[in-house]
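Have a look at the structure below before the remarks.
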Amino acid sequence: MRSAAFYGRFSCEKQNEQSIEGQLRVCQQFAAQNDLNIVETYIDRATTGTNDNRVAFQQMLADSAKPVMWDVVLVYAIDRFGRNSIEVAINKQKLKKNKKILISATQRTSDNLDGSKNLDGILLENVYIGLAEYYSAELSQKTTRGMKENRLKGLFCGGKVPYGYKVVNKRVLINEEEAEIVRQIFKEYAAGKVAREIIEGLNAKGIKRNGKPFAINSLYNLLRFENYIGIYRHNEEVYYDTYPAIVSKELFEEVGYIIAKNKRGARSAYIDYLLRGKIYCGYCGKKMHGESGTSKSGRVMYYYKCSGKKRGLPCDNDIPPKERIENIVIDSTHRVMSNQENLEMIADAVMRVHEKRIHDRSIMTILINERDTIQKSLSNVMKAIESGILTATTKARLEELEEQLEQVKSKIQIEENRTKNHISKEQVIEFLSHAIQKQPNLMINLLVQKVVVYRDKLEIYYNYVPSSPHDQSDEEGAISLDECSRLLKIRSP
Ligand SMILES: [Zn+2]
């Protein structure tokens, strides 16, 4: 049985708002049916429209980073999690970082309780999170304009001047000599050199940082330092005018991609079999499973193993190392995503999901029914008045109904605006073209349908991409292991 925290929010501003007790009741039923145990409750009751600090919500997010009893947050509906889809996506992402999942008792979420994923949900979440990163920074900058004059004017606000820059009259300028070294480090790393080799090269030339030789950690920090692409973050806000860019965004992202990939291989505490449920044996057709074993030298090895072989069936397929197979799949997916035609196709799929969401009229239907009911009551009261029944009660009732009608009309207006909140295909493409670098695991989960393993080749079948081996000649879509290992040698540490 898993443990959950219930989060409920009630604002009396909203008509038809399910009471906290009602939300909790529905969630308790859901928990009982799904083998969940509610061990903690967080409740926000907003008494006025402006009082929307959501103290309990912030507490819940803060607790999710601590060692708590629960790993599921159960809500009545997803909208408890933010005032718009971007806020919801960002808050979900925060939970996810702390290895907690969000489950709604009444709506589909991207995570199912059994750990599997809803494809539609993932697609949209990725888009929203990506878009949020791209555009909310810009938005928040706009709203804080005037408050942070110096930062907005791009003036240096004190502290240590980062490597590659100098400060002249409060303005950050490029220190050309150091910037050239920064560019060189990025280029060498992108070309496949490992950190140790780069440092050896710098030492050989006597190049130092603050008088000391470069260290591995500081080199990695430098490779992830966003100022080098002109982005400066302070208190969750982003400033674009403070630091001039030293390297291109493309180079920076390519480096980020390689670091993420290398890190994946090195991570040992938490082994994530990326191809779980998607990887099959090319000879007997059975699924392959992640396994680990200890080599004679005492090193733990991770690999995929044919389940036929495990059960003693006569299959003599090899047992490929996990990292090798996964890196080939990541590389191949990287290539798929670099192809404009493929990008368009995947973006179209995302757009179809988005359109479906946009056209989800369920809330609107409720509101329109409500409006019609009020209007009917209103016209009944009017008829009564016309037939001469005008008492204090009918007058009060009339005023009450008119006020309700106004309220529901403004809600319909808000809902209409929400559904008009459109994402453009261009925005989706822009996001997708960076997603494989930022979230390789999620993108593979999303895009790779099936991987078939032979001794000397892999077949990778993609969702949304037509050039998979299904409808092409035998060799199409198959990647020879030799070709890939050559490619990988460049990138492996
Ligand atoms: Zn097999």
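Taking every residue in the stretch 169-181 that is closer than 21 Å to TYR240 by Cβ and pairing it with any residue that is of a type in the set (Val, Ile, Thr), at least 6 positions away or on another chain, the pairs with Cβ-Cβ distances below 6 Å are VAL172/THR242; ALA179/ILE246.
Scanning the stretch 315-352 for residues that are farther than 20 Å from TYR454 by Cβ and assigned to a loop (DSSP other than H, G, I, E, B) yields a total of 1.
Could you tell me which residue of the stretch 281-296 is farthest from the ligand (Cβ to nearest atom), considering only residues that are in a loop (DSSP other than H, G, I, E, B) and open to solvent by 40 Å² or more (accessible area, probe 1.4 Å)?
Keep residues of the stretch 281-296 that are in a loop (DSSP other than H, G, I, E, B), which gives 282-286, 295-296.
Narrowing further to those that are open to solvent by 40 Å² or more (accessible area, probe 1.4 Å): 283-286, 296.
Numbers: TYR283: 5, CYS284: 3, GLY285: 7, LYS286: 5, LYS296: 25 Å.
Only one residue tops the list, namely LYS296.
Taken residue by residue, the stretch 409-424 has at least one member that is open to solvent by less than 20 Å² (accessible area, probe 1.4 Å), in a loop (DSSP other than H, G, I, E, B) and at pLDDT below 80. Among residues of the stretch 245-271 that are part of a helix (DSSP H, G or I), those with a beta-carbon under 7 Å from a residue that is at pLDDT below 60 and surrounded by fewer than 16 Cβ atoms within 10 Å (Cβ to Cβ) at least six positions away or on a different chain give the pairs ASN262/PRO493.
For the stretch 226-244, a tally of residues being at pLDDT below 80 and part of a strand (DSSP E or B) returns 5. Restricting the search to the stretch 297-312, which residues are more than 12 Å from the ligand (Cβ to nearest atom) and at pLDDT 80 or above? Across the stretch 297-312, the qualifying residues are MET301, TYR302, TYR303. VAL72 falls short on exactly one of the conditions (1) surrounded by 14 or more Cβ atoms within 10 Å (Cβ to Cβ); (2) at pLDDT below 85, and that condition is (2). Give the number of residues within the stretch 313-355 that are open to solvent by less than 20 Å² (accessible area, probe 1.4 Å), within 16 Å of the ligand (Cβ to nearest atom) and more than 16 Å from ILE460 (Cα to Cα). Adding up the residues that qualify gives 2.
The values are calculated or read from the model by the stated rules, or taken from the named source; none is laboratory data. This is a predicted model, so every value here is computed, not measured. So basically every Cβ, Gly included, is an ideal-geometry build from the backbone, and we count neighbours across all protein chains shown. SASA here: full protein model, heavy atoms, side chains in, ligands and nucleic acids out. Shrake-Rupley method; radii C 1.70, N 1.55, O 1.52, S 1.80 Å.
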